[in-house]
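Structure first, then comments.
Where a number appears in this text, it was derived from the coordinates with a stated rule and is not lab data. Not measured: the values here are computed from a predicted model. As a convention, Cβ positions derive from the backbone with ideal geometry for all residues, glycine included, and neighbour counts pool all protein chains shown.
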Amino acid sequence: MAISKSHVLVGALAGAGIAVAAMAGAGLHGTALGADGFGHLIKASTDPVVASSPGAPMSFADIFEKVAPAVVSIKVTSKVDISTLHAGPGFQGFPFGLIPRGQQGGDDGDTDARRAPKQMSSGSGFFISADGFIVTNNHVIENAEDIKVVLKGGQELKAVLVGRDEGTDLAVIRVEGHNFPFVNFEDRARPRVGDWVLAVGNPYDLGGTATAGIVSAYNRDIGEKFVDYIQIDAPINRGNSGGPTFDSYGRVIGVNTAIFSPSGGSVGIGFDIPADIAQRVTTELMQGRKIARGYIGATIQDLNEEMAGSWGLNGRKGAIVAGLVPAGPAARAGAMPGDVVVSVNGHAVANGSELTREVAKVRAGDTLRLDIFRNGKPKTLDIQAGLRPSEQQLAKNGGVGPDDDADAGPDVPPTNKGQVLGMSLSPIDPQSRQQYSIGATVRGVLVQSVKGASDAGDKGLKKGDVIVRAGDREVANAGDVTAAVGDWKKAGRTSIPLEVTRGGVSLFVPIKIEG
């Protein structure tokens, strides 16, 4: 399973054994509760609204009454991809993959898009202006044919999409009208871990629902590139997607977007897009702009403790440049695979996610100053940022941008085979290149076999992998790898970083030096 923003619960966070689900609606049909709201900005209090006087019960009633009129339920109608129904629940056992009549078009099998089956789902949102702008999640309205907004008093309004950003899972929609009650994003000191928060939304299509809890943690990384999430324990469920979480002053501190759950229901671990990110993105979308992000043309991996030690960077945190787009911004600036980035424009980066976010903050043409270590020595690179391609382009090209089909020269003849680090290695010949789908530009040494009882085997290296670099040198045969291991051993290192390419993706792997 994998992390997903979907109307259906899916996913397990790698290594965690628990599901991560986007909280779009479950397709139930409830009734919105409450009365009409006020036609003005719902102002934050100067003092916390939550009652906490001695002897009095803790109550969120005052804050809920203030902010609830600005929170809406969102009902979405979207097309269903007929091809996905063949293997879907309830259709197993039909002969020849047939879909029941009435769900594949007319009697003649017409699958015209206008007659495709519809899917109903729901989510949450909130007004951020009196003239009808509403914030929600991208995955709530993605692929929507029709969007309806249900106000607290039950009034239903048709909405149109203003803009959306897949990278942060945020979207802005709008309804016609004026004097809508609206709320503000928090722009002062954010709540501390342990402070009370209130989530309001439309779980399971039960509109106007409030749940309370505390801020559990900040800077959570759940696999999304451009968001460091707030973790809260206020119960949120499917249908809460796009709804707001408020602090005890009535300010929006985050937008509900995902949960940890083995079953689909709340287990007390939810994630919010922080207010500062949400405000910046939604302001751009409201002004009709697409979200543009900086780009350096590099694939990145985290610097773990063992990898840091293999480069003599014990105790350092950062991100490794695992690959470069030929002629991309980083390559033009002189970056190399194996560079360890420790800060961007003076901001320390602890991992690949933080590096990606820092790069994304700048605009195309801006200069990024990267502090790096290369072969254990400090260096500074000035990179003129490019414009980040769409996520579809990046996915198509292995996450690094446009393809480069330039030929890097002839294959090395199959000589100089050898054993090193528990692997049998040989140069790449044309037959192996075809057999293992090794790109024409890839140069290195081919892994022919790996001992199971070796560190290389434990780290997952296998037949068909290509070692491009060992330590600080590019390699073309087993002798090159052996020489690099000897250099690293003389330097007192206990492991050596290998740049390994598999299926067009490069990764640095630290392998223990034997003996």
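Net length available on complete extension from Arg433 to Lys462 is 8.9 nm, with 0.36 nm assigned per residue and the Cα-Cα distance removed.
Bridging of Lys490 to lysines at a Cα separation below 29 Å is possible for Lys317, Lys377, Lys379, Lys417, Lys451, Lys459, Lys462, Lys463, Lys512, once same-chain residues fewer than 8 apart are set aside. Prolate is the label for the stretch 418-512. Its Cα gyration tensor axes, ordered a ≥ b ≥ c, give a/c of at least 1.5 and a/b above b/c.
Sorting the segments 62-73, 231-242 by their residues' average number of neighbouring beta-carbon atoms within 10 angstrom, most packed first, yields 231-242, 62-73. Using a simple spin-label model with pseudo-atoms 7 Å out from Cα toward Cβ, Lys290 and Asp472 lie 4.3 nm apart. The calculated FRET efficiency for the pair Val442 and Ala327, based on their C-beta separation and a Förster distance of 22 Å, comes to about 0.85. As a calculated quantity, the FRET efficiency between Lys489 and Lys118 at R0 = 41 Å, using C-beta atoms, amounts to about 0.05.
Taking Cβ atoms as reference points and 15 Å as the exclusive limit, the residues near Leu370 contribute a net charge of +3, counting Lys and Arg as +1 and Asp and Glu as -1.
With r defined as the distance between the Cβ atoms of Asp131 and Arg316 and R0 fixed at 56 Å, what FRET efficiency is calculated, to the nearest 0.05? Using R0 = 56 Å, I get an efficiency of 0.65. Close amide H pairs (under 5 Å, H built 1.01 Å from N) link Val349 with Ser343, Val344, residues at least 5 positions away or on another chain.
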